[in-house]
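Enquirer: Before I ask anything, here is the structure I am working with.
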Amino acid sequence: MRPSLALAIGAVGFLVVGVPFVVAPAQIMSAVGWPATPNEAVVIARDGGVLMIGLAIIDWFGRDAVGRPLRALLWGNIVIRAGGAVANSWEFAVGLTPSDLAAGLAVALAVDVAFIVMFALALRRA
């Protein structure tokens with residue numbers, strides 16, 4: 001896969017998740033089964049959305065990078081996705097995530113794995 005395409009897809013992926021968390025964090029949290037209280041949880045969700053939008057911008061404007069900067073962008077995306085997958089799996093395993101969210105977590109894990117594979121394939125061409 002072309003690295004520029006992988007970064008463009010990564011940017012869209014971060015944006016699609018980040019914008020709803022900024023615009024309507026309580027509604028997104030309740031839609032996926034998380035209680036939208038206390039207010040601190042909403043603040044953290046919104047901050048996470050802002051972070052994802054920032055990552056989307058970095059990926060989008062980094063599409064034409066070459067050499068070490070390109071490899072840094074691709075490795076950073078792999079680490080972000082792998083770290084999220086490990087954290088979500090661990091939180092579910094120790095009971096921090098409600099068991100009725102298992103199906104949603106499985107989908108999120110599959111998406112993370114797909115992004116990891118995509119960025120790893122792009123890394124081979126970087």
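Coordinate-derived values only; no laboratory data. Predicted model only: the values in this text are computed from it and were never measured. Neighbour counts run over all protein chains shown; Cβ positions are idealised from the backbone, glycine included.
Enquirer: Every residue in region 90-105 that is of a type in the set (Ser, Thr, Tyr) and either surrounded by 15 or more Cβ atoms within 10 Å (Cβ to Cβ) or in contact with a Phe, Trp or Tyr (Cβ under 7 Å, 6 or more places away or on another chain) (or both), please.
Expert: Thr97
Enquirer: Turning to a different aspect of this structure: Here are the criteria: (1) of a type outside the set (Asp, Glu); (2) farther than 14 Å from Gly10 by Cβ; (3) in a helix (DSSP H, G or I). Tell me which single one Arg81 does not satisfy.
Expert: It is condition (2) that Arg81 fails.
Enquirer: Still on this structure, I have one more. Considering (1) touching a residue at least 24 places away in the same chain (Cβ under 8 Å); (2) part of a helix (DSSP H, G or I); (3) surrounded by 17 or more Cβ atoms within 10 Å (Cβ to Cβ), say which one Pro20 fails and leave the rest.
Expert: (3)
Enquirer: Right, here's the next one. Return only the number of the condition from (1) of a type outside the set (S, T, N, Q); (2) outside any helix (DSSP H, G or I); (3) without any contact (Cβ under 8 Å) to a residue 60 or more places away in the chain that Val117 does not satisfy.
Expert: Against the list (1) of a type outside the set (S, T, N, Q); (2) outside any helix (DSSP H, G or I); (3) without any contact (Cβ under 8 Å) to a residue 60 or more places away in the chain, Val117 comes up short only on (2).
Enquirer: So, one more: Quick one: would you say Leu15 is hydrophobic (A, V, I, L, M, F, W, C), without any contact (Cβ under 8 Å) to a residue 40 or more places away in the chain and either assigned to a helix (DSSP H, G or I) or touching an Asp or Glu at 6+ places or on another chain (Cβ under 9 Å) (or both)?
Expert: Spelling it out, it is not the case that Leu15 is hydrophobic (A, V, I, L, M, F, W, C), without any contact (Cβ under 8 Å) to a residue 40 or more places away in the chain and either assigned to a helix (DSSP H, G or I) or touching an Asp or Glu at 6+ places or on another chain (Cβ under 9 Å) (or both).
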